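The values are calculated or read from the model by the stated rules, or taken from the named source; none is laboratory data. All values reported here derive from a predicted model rather than from experimental measurement. Cβ atoms come from the backbone with ideal geometry, glycine included; neighbour counts cover every protein chain shown. In case anyone asks, the SASA skips ligands and DNA or RNA and just uses the protein heavy atoms, side chains included. Shrake-Rupley method; radii C 1.70, N 1.55, O 1.52, S 1.80 Å.
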Amino acid sequence: MKKLYFGSNLKMYKGVRETEKYLKKLAENTQNISREEIELFIIPSYTALPAAVRCSDCNDIVIGAQNMCWEDQGQFTGEISPCMLEELGVKLVMIGHSERRHVFGESDAEENKKVRSALAHGFRTLLCVGETAEEKEYGISAEILRKQLKIGFYGVDPKESKNIWVAYEPVWSIGVNGVPATSEYAQRMHMEIKKVLFEIFGNQAEKIPVLYGGSVNPENADQLIVQSAIDGLFVGRSAWNADEFDKLIRSAVYTYKQYW
Ligand code: 13P
């Protein structure tokens with residue numbers, strides 16, 4: 001069976017204590033799910049990162065940062081350097097989340113600088129891509145994904161593929177006003193993404209998991225995970241209760257095994 005990826009971005013929710021409680025509960029709940037079968041990751045707020053990394057019961061959960069600056073140090077007030085994340089023991093960095101691109105105006109070229117810096121520092125690097133509702137309406141979703149991937153990974157050596165993850169998160173599907181993508185649509189976009197990754201990285205692209213995110217919930221998770229081009233689920237709201245997330249993961253793994 002291929003390895004399935006499950007993770008959650010905690011966004012600007014949960015402070016230090018809440019994050020610790022959540023991680024401990026999630027670790028306890030999921031301890032008997034084989035890590036040969038799944039990779040589980042949680043991306044908390046910056047302030048909760050030190051506690052999350054130190055959480056001794058949570059060794060089977062990869063901890064990631066929500067963003068980072070491309071420079072190691074300098075006059076970048078309010079930014080967090082890759083060296084600072086390294087110092088904490090963070091293993092994963094997410095780049096280009098839809099909210100970074102659309103609320104904070106980050107460009108593809110900026111995401112590219114961050115991706116290159118994150119890879120140079122040895123982080124597992126999760127690049128998020130996705131089209132807006134307007135771009136979907138114009139029928140240019142595939143073109144937008146191609147642009148975000150080609151620029152996002154510009155200048156990246158195919159040898160780095162082992163540290164690259166991609167999340168497809170259509171902007172229109174994310175958050176309280178989001179509409180989840182149908183599994184057919186997500187599968188189609190994942191195939192486009194895999195095609196472009198193959199163009200960029202050649203055979204090394206096979207190593208890159210592509211996760212779907214955007215209003216994943218207990219009702220649609222099973223249908224999404226059985227799509228051949230979907231390697232994992234990147235969940236927001238439906239993952240923020242450790243019991244609910246555990247149930248969602250178990251059901252998805254069970255369904256995947258029945259299907260394949
Ligand atoms: P929701 O699952 O709440 O739509 O959020 C998805 C997301 O943004 C994950 O990064």
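Considering the conditions (1) open to solvent by 60 Å² or more (accessible area, probe 1.4 Å); (2) in contact (Cβ under 8 Å) with a residue 24 or more places away in the chain, Asn32 is excluded by exactly one of them, (2). Of the helices (runs of 4 or more DSSP H) lying entirely inside the range 1-88, those containing at least 2 residues that are aliphatic (A, V, I, L, M) and farther than 25 Å from His121 by Cβ are 16-30.
Among residues that are in contact (Cβ under 8 Å) with a residue 12 or more places away in the chain and assigned to a loop (DSSP other than H, G, I, E, B), Val216 is included.
Kindly establish whether Asp243 is open to solvent by 10 Å² or more (accessible area, probe 1.4 Å), in contact (Cβ under 8 Å) with a residue 24 or more places away in the chain, more than 16 Å from the ligand (Cβ to nearest atom) and under 27 Å from Pro44 (Cα atoms). Criteria met by Asp243. Of the numbered criteria (1) open to solvent by 50 Å² or more (accessible area, probe 1.4 Å); (2) over 18 Å from the mean Cα position of the chain (by Cα), the one Tyr46 fails is (2).
Tell me, yes or no, whether the range 213-224 has at least one residue that is more than 18 Å from the chain's Cα centre (by Cα), more than 11 Å from the ligand (Cβ to nearest atom), under 30 Å from Ala118 (Cα atoms) and surrounded by 16 or more Cβ atoms within 10 Å (Cβ to Cβ). No, the range 213-224 contains no residue that is more than 18 Å from the chain's Cα centre (by Cα), more than 11 Å from the ligand (Cβ to nearest atom), under 30 Å from Ala118 (Cα atoms) and surrounded by 16 or more Cβ atoms within 10 Å (Cβ to Cβ).
Table: residues versus (1) in contact with a Leu (Cβ under 7 Å, 6 or more places away or on another chain); (2) under 19 Å from Ala239 (Cβ atoms).
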position	(1), (2)
Ala52	yes, yes
Asp57	no, yes
Ile61	yes, yes
Glu71	no, no
Gln75	no, no
Glu79	no, no
Leu85	no, no
Leu88	yes, no
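Taking the listed residues Ile193, Ile200, the one that is open to solvent by 20 Å² or more (accessible area, probe 1.4 Å), β-branched (Val, Ile, Thr) and more than 30 Å from Glu20 (Cα to Cα) is Ile200, with no other qualifying.
Scanning the range 55-77 for residues that are over 30 Å from Lys257 (Cα atoms) and out of contact with any helix residue (DSSP H, G or I) (no Cβ under 9 Å at 6 or more places or on another chain) gives Ser56, Gly74, Gln75, Phe76, Thr77.
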